[in-house]
Amino acid sequence: MDRRFIIVHPSYIIRQGLISLMRQERTIDIIEVAGCDDLSNYSSMQKKNILFVVDSALDESEIEASVLSFRTSNLVKVMYLSGSVCKTDRPEKGNGYLYLDSSKEQLCEKLFEQPWSLTKITEKETISQPMLTDREKDVLTHVAMGKSNKEMADELSISIHTVISHRKNITEKLGIKSISGLTVYAILNKLIDTHNIDLESLI
Amino acid sequence: MELFHKETRMTDLIHSNYLLLPVINRFGIRLGFGDKTIREICAEMDIDMQFFLAIVNAFHNLDYFPAEELRAFSATLIVDYLKKSHHDFLKHRLPKIEELLERIVENSKSDELKLFRTFYNKYKADLVTHIKDEEENTFPYVLLLQKAEEQQLATLPEALLKYSIHSFEKEHTNVDEKLFDLKSIVIKYLAPDYNDRDCNEFLFELFEFERDITDHARIEDAILVPKVMVMEKLLKHG
């Protein structure tokens, strides 16, 4: 699970304090910025679980506007850092509050024990992929021989849609994207008879 | 991850991330800079300090990509850096990879490794074509556009009117795919008949090269192309 913590707070001391706390417990990637304006420099991040720790004095709609671009390709949670625990009820904001006067244990519990819902991304990473089915091996062999999707559909008596589907599954299972790469794999695993073939032209 | 700033010492930059060595070379900076800061070295060597900082920080920290800031730099500065990177790839990185690959193939009895060499050669051919295309077509076009902007030409030369960045814009993903696959196949499917040390060195070079060229592609796709599109809009459509 690829985690990032992003601290958005104007106070240098508070940023350093949070970083120090986070580093003591875990080795994680931490980004710190003084305000929302600097967040755009990081918006190209993808496929991460991001926890924003944000100054509660900042306007919630301004934060959301800045955080929005991260939400498209990442799992995002936003926690607000506030001075002290209010005795009265606080309206719910983001994914909850952190308090400056909490103990270390309380802070760590909130920062690290936040449950992240299992997503497609993390599921894919933990399940080991099964081997290719016979049908997939057929398709792979044809791809390696340089056949087009249409040619394969005709020769294997299946629809082009099915061919594309098989190709997608093959790429996912093997982790190989290019046709040349698939050809090399096919040769290594003896799916193609290489005796009479010129390798240069094939790959 | 920390960001480097103008008072960061060059030595600390390298200690933080030695992979930056080829990157600073592209600016003409060589070792032996003592305790000089980034600010001092850039002043001494007449290097645009903000550009240098943006480039090294983007390379060092994969999450950090100040797109808007980078697009504000002159096209000449960006193209010059990209050209130097091309030179580095073709004259240093690729030859080194080939040298290691040859060593592996020579020391192995199986035909399998020759397969990797064929695959690598296909990748290299694609990459060289791509680079040549950029240097002979895309970059001159961009520089011409920049000149036209600076001189505030009322009428644009024909060369500029005929083309747009879309004529040259090539997807980097296809070229990168083969490199990724080469790495994957070597790691996952290499048969036992190989030399550990040689293959590890080969993979080190591939990983470092991949990091470099991914960063390079990011600059071309997310900085140069959008910047040129804006320039085109201003110049060609008033």
Enter the mean number of other protein chain beta carbons within 10 Å of the beta carbon of each residue in A:180-187, as an integer. 6
Would you tell me the accessible area of residue B:210, worked out with a 1.4 angstrom probe on the heavy atoms of the protein chains, in Å² to the nearest 10? 40
Name the aspartates and glutamates eligible as straight-distance cross-link partners of residue B:236: C-alpha to C-alpha under 17 Å, and not fewer than 8 places from it in the same chain. B:149, B:150, B:158
State in Å² the accessible area per residue of segment B:176-238; use a 1.4 Å probe, count heavy atoms of protein chains only, and round to the nearest integer. 46
Given 20 °C and 1.002 mPa s, compute D for the protein assembly as shown with the Stokes-Einstein relation, Rh being the Kirkwood radius over Cα pairs; round to the nearest whole µm²/s. 84
Could you give the accessible area per residue of segment B:1-106, probe 1.4 Å, as a whole number in Å²? 48
Using a cut-off of 22 Å between alpha-carbon atoms, which lysines can reach residue B:233, once sequence neighbours fewer than 8 places away in the same chain are excluded? B:147, B:162, B:170
Which lysines does residue A:93 reach when only Cα atoms under 28 Å apart count, and residues fewer than 8 places away in its own chain are ignored? A:47, A:48, A:77, A:104, A:110, A:120
With a ≥ b ≥ c taken as the square roots of the eigenvalues of the C-alpha gyration tensor of segment B:1-92, please select rounded if a/c is under 1.5 and otherwise prolate if a/b is larger than b/c or oblate if it is not? rounded
To the nearest 20 debye, what is the magnitude of the charge dipole of segment B:119-238 about its Cα centre, counting +1 on the Cβ of each Lys and Arg and -1 on the Cβ of each Asp and Glu? 420
Cα-Cα over 18 Å, subset of B:91/B:183; A:147/B:183; B:91/B:132; B:114/B:183: B:91/B:183; A:147/B:183
When you count, for each residue, the other Cβ atoms within 10 Å and take the mean per peptide, how do A:28-36, B:178-186 rank with the highest first? B:178-186, A:28-36
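Of all the accessible heavy-atom surface of the protein assembly as shown, with the other protein chains kept in place and a 1.4 Å probe, what percent is carbon and sulfur?
Here it works out to 52 percent.
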For residue A:52, residues with placed amide H under 5 Å, excluding near neighbours: A:6, A:77, A:78, A:79
Run the helix sum for chain B: -39,500 (n - 2.57) per DSSP H stretch of 4+ residues, divided by residue count, reported at 222 nm to the nearest 500 deg cm²/dmol. -20500 deg cm²/dmol
Trypsin sites (Lys or Arg not before Pro) within segment B:67-149: DSSP coil, no more than 14 neighbouring Cβ in 10 Å: B:109
Collect residues whose amide H, placed 1.01 Å from N in the peptide plane, falls under 5 Å from the amide H of residue A:96; neighbours closer than 5 in sequence don't count. A:80
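Rounded if a/c is under 1.5, else prolate if a/b is larger than b/c, else oblate: which is chain B, with a ≥ b ≥ c the root eigenvalues of its Cα gyration tensor?
Details: a/c = 2.57, a/b = 1.38, b/c = 1.86.
It is oblate, given that a/c is not under 1.5 and a/b is not larger than b/c.
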So how do A:15, A:135 rank on accessible area, 1.4 Å probe, biggest first, that is with the largest at the start? A:135, A:15
Mean per-residue count of partner chain Cβ within 10 Å for A:32-44 equals 3
Mean projected area (nm²) from the convex hull of Cα positions in segment B:112-192 is 6.6
Who wins for biggest fluctuation among B:116, B:59, B:139 in a Gaussian network model of chain B, springs between alpha carbons below 10 Å? B:116
Computed label-point distance, nm, for sites residue B:189 and residue B:90 using a 7 Å Cα→Cβ extension: 3.1
With DNA, RNA and ligands ignored, accessible area of residue B:45 (1.4 Å probe; Å², nearest 10): 80
Find the relative contact order for chain B and round it to a whole percent, using C-alpha pairs within less than 8 Å whose residues are 6+ positions apart. 25
At 1.4 Å probe size, put A:137, A:173, A:190 in order of accessible surface, largest to smallest. A:190, A:137, A:173
What list of ³J(HN,Hα) couplings, whole Hz, do you get for segment A:146-155 from phi and the Karplus terms 6.51, -1.76, 1.60, once you set θ to phi - 60° and write x for glycine and proline? x, 6, 7, 4, 5, 4, 5, 4, 5, 5
Which value, in square angstrom to the nearest 100, describes the accessible area buried between chains A and B on both sides, using a 1.4 angstrom probe? 2100
Averaged over the residues of B:114-120, the number of partner chain Cβ atoms within 10 Å of each residue's own Cβ comes to 5
With a ≥ b ≥ c taken as the square roots of the eigenvalues of the C-alpha gyration tensor of segment B:134-238, please select rounded if a/c is under 1.5 and otherwise prolate if a/b is larger than b/c or oblate if it is not? prolate
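The values are calculated or read from the model by the stated rules, or taken from the named source; none is laboratory data. From a predicted model like this one, the values you see are computed outputs, not experimental measurements. Heads up, the Cβs are rebuilt from the backbone with ideal geometry, glycines too, and the neighbour counts pull from every protein chain shown. SASA here: full protein model, heavy atoms, side chains in, ligands and nucleic acids out. Shrake-Rupley method; radii C 1.70, N 1.55, O 1.52, S 1.80 Å.
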